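The values are calculated or read from the model by the stated rules, or taken from the named source; none is laboratory data. Being a predicted model, the structure only gives us computed values, none of them experimental. Cβ placement follows ideal geometry from the backbone for every residue including glycine, while neighbour counts extend to all protein chains displayed. In case anyone asks, the SASA skips ligands and DNA or RNA and just uses the protein heavy atoms, side chains included. Shrake-Rupley method; radii C 1.70, N 1.55, O 1.52, S 1.80 Å.
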Amino acid sequence: MTLALLGYASGSCLGALWVCRVAGVGDPRLEGSGNPGFSNVLRLHGRRLAAVTLLFDALKGMPALWLTMGLGLAPWAQGVVGLAVLLGHSYPPWHRFRGGKAVASAFGVLLVLTPWVALCCAALWVLLAWRVRTAAVASLVSAGIAPLASLWLAPDYVLVVVTFTALVLVRHLLNIHRLRHGDEPGL
Ligand code: G3P
């Protein structure tokens, strides 16, 4: 419970807001897609700030997860702490529960729990973002593939990964609506 709370609290610190504030550029919630995440920072402020945002959001959940693993807790308990990180990022209390879409934070969590699944999904994300130039398509396809990759590479974590995928899909409902209507912003 304490580790889940730690995960939720660390997840709720949004990299995009800190990075943009420190860099003295505009609030990403007010421009582009309005999402406080690395894709929108990339769209608005370029690769350098997007990379720092990605790093921030991917790393922030790791201490809670390292503690969870260090204590030898079961995969489901590690998953609960990981999910807490993602929920903190998606529903941060300091920002009226309006957060990001949990892609970078899920990548960071998976990097600790199931590194090969995380790396496969990240490679797919980069390939799709490069080819399709739409972050949401890259995120949705990578999140959809993650449970299959887990089935193959880390069977003990399939249920955990399915839960993460479900959250990422829910957080992309607006993107799915925009994609269906052809007005999703590109990268
Ligand atoms: O990583 C978030 C991405 O999938 C969607 O972001 O800014 O295009 O809504 P955005």
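A few points about this structure:
- Test for residue 17: is it assigned to a helix (DSSP H, G or I), open to solvent by 20 Å² or more (accessible area, probe 1.4 Å) and not aromatic (Phe, Trp, Tyr): no
- Every pair of residues 6+ apart whose Cβ atoms lie under 8 Å, when the first sits in segment 157-175 and is modelled with pLDDT under 95 while the second is open to solvent by less than 20 Å² (accessible area, probe 1.4 Å) and away from the ligand (no atom under 11 Å from the Cβ): none
- Residue 109 meets all of the listed conditions (1) under 16 Å from the mean Cα position of the chain (by Cα); (2) within 16 Å of the ligand (Cβ to nearest atom); (3) of a type in the set (Val, Ile, Thr); (4) surrounded by fewer than 24 Cβ atoms within 10 Å (Cβ to Cβ) but one, namely (4).
- Filtered residue count, segment 112-144, keeping only those that are surrounded by 14 or more Cβ atoms within 10 Å (Cβ to Cβ) and within 14 Å of the ligand (Cβ to nearest atom): 18
- Meeting the requirement of 2 or more residues that are over 25 Å from residue 6 (Cα atoms), the helices (runs of 4 or more DSSP H) wholly within segment 90-187 are 115-132, 135-153, 173-180.
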